[in-house]
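What follows is a set of notes on a single structure, which appears directly below.
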Amino acid sequence: MQHSSCEKPIVYRGSPSLVTRSNAVSNKVYATGQVAKKTGLRRYQIDYLLETGRVPEPKTRAANKRLWSEEEIALVKRFVEEREARKARRGSP
């Protein structure tokens, strides 16, 4: 079941190998597609940032998928904001 809104997090509890779905608020994590919607990036752009080391790999994984915490999403957003600021200083579109 997919969520249509990026504001509805997928929440997991337990070790990454034994992941279950929960409505608990304390351990919010987001799938990469949801992170893409929140940041305005595309999935391949997030993958590129990870491969080049510009943002750290998310610590949580389940079923071989990355799960992003709010703090990790904030790092990606900050990178995007800094990139946009650099473009603005250079006068790039």
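The values are calculated or read from the model by the stated rules, or taken from the named source; none is laboratory data. Keep in mind that what you see is a predicted model, and the values were worked out from it rather than measured. Don't worry about glycine lacking a Cβ; one is built from the backbone with ideal geometry, like all the others, and counts go over all protein chains shown.
One table, with the values for the structure above:
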item	result
Residues located in the stretch 64-80, provided they are in a helix (DSSP H, G or I) and surrounded by 11 or more Cβ atoms within 10 Å (Cβ to Cβ)	Glu70, Glu72, Ile73, Ala74, Leu75, Val76, Lys77, Arg78, Phe79, Val80
Residue in the stretch 39-53 that is nearest to Glu81 (Cα to Cα), counting only those that are surrounded by 17 or more Cβ atoms within 10 Å (Cβ to Cβ) and not polar (S, T, N, Q)	Leu41
Unmet requirement for Arg61, which otherwise passes all of (1) of a type outside the set (Asp, Glu); (2) surrounded by 11 or more Cβ atoms within 10 Å (Cβ to Cβ); (3) modelled with pLDDT of 90 or more; (4) not in a loop (DSSP other than H, G, I, E, B)	(3)
